[in-house]
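Here the structure is laid out as structure tokens; the discussion comes afterwards.
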């Protein structure tokens with residue numbers, strides 16, 4: 001079952017043996033019926049394997065298990081143009097005993113962060129295609145037609161999208177409300193990107209099994225772009241999700257919230273140190289980025305903080321003079 005490989009020679013589809021940290025390993029210990037060669041469920045799962053091995057896009061990687069064919073793990077690389085860019089999003093799946101009559105169970109490896117209205121902090125995935133959300137009939141699981149590949153592509157396109165704020169339930173009933181909530185959507189993107197960065201840190205410290213090499217290679221490759229995006233977003237050179245693939249943000253200044261800036265000022269050095277430990281930079285690059293970390297985000301933040309302190313003192317002095325003048329005139 002040959003599968004395509006990426007530029008780091010990582011196979012997009014592979015059969016592995018280590019299943020120890022899979023989310024569904026305990027609830028589905030009895031998988032004899034699914035593993036019995038010749039059974040209908042076994043044949044269907046083998047067809048799923050063939051589809052995945054042949055048709056996975058560049059941004060999705062899958063690992064299946066030789067002794068637990070009822071389990072599967074996938075990772076989706078966050079797409080450019082979204083607040084999920086350069087992130088890794090892992091999903092554990094389990095085929096039910098009556099598959100494909102019922103859809104797979106799906107768990108998002110959240111590390112405790114709710115990065116999307118459809119992806120909860122406890123790992124629950126809310127999606128019509130797996131019957132965990134209402135949806136129209138054509139959006140729900142169809143045993144004769146639906147596949148795991150379709151499910152992964154749906155998560156990539158419909159969940160990890162450029163405006164996840166509008167994934168929430170109200171958007172389906174009040175679609176015209178989008179026009180009046182663009183600012184709320186952008187603010188949500190800022191929160192999502194910060195959580196994306198926090199998730200990266202967790203993955204570097206505790207990468208899921210069978211993807212350790214992949215996680216290392218991915219963040220070595222994307223470390224510079226991630227740090228540059230943090231810098232551009234914090235300094236108003238690009239809106240979250242609009243960082244250029246060429247490594248340059250927008251030339252014009254955009255409004256950046258104080259909360260996002262403070263969060264990225266805190267996360268930037270943590271990401272930098274994690275990338276250094278991950279072997280992302282050569283010696284000269286590391287020293288240059290250390291200087292950027294010290295003189296860029298942090299220095300600018302100190303300047304802004306000093307400005308706020310000075311202006312606070314000025315306004316305090318004006319207020320004091322005003323109160324004194326008011327009291328004098330009132331007495332006279």
Express the C-alpha Rg of the range 48-187 as a ratio against the empirical globular expectation 2.2 N^0.38 Å, rounded to two decimals. 1.08
Can you sort 253, 163 so the residue with the fewest Cβ neighbours within 10 Å comes first? 253, 163
Could you list 159, 276 in order of exposure, starting from the residue whose Cβ has the fewest other Cβ atoms within 10 Å? 276, 159
What nm value, rounded to one decimal, do you get for the distance between residue 253 and residue 67 when each label is placed 7 Å out toward the C-beta? 6.2
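Read-outs: derived from the displayed coordinates by stated rules, not from any lab. Note that the structure is a prediction, hence the values are computed from the model and not measured. We place every Cβ from the backbone using ideal geometry, glycine too, and count neighbours over all the protein chains shown.
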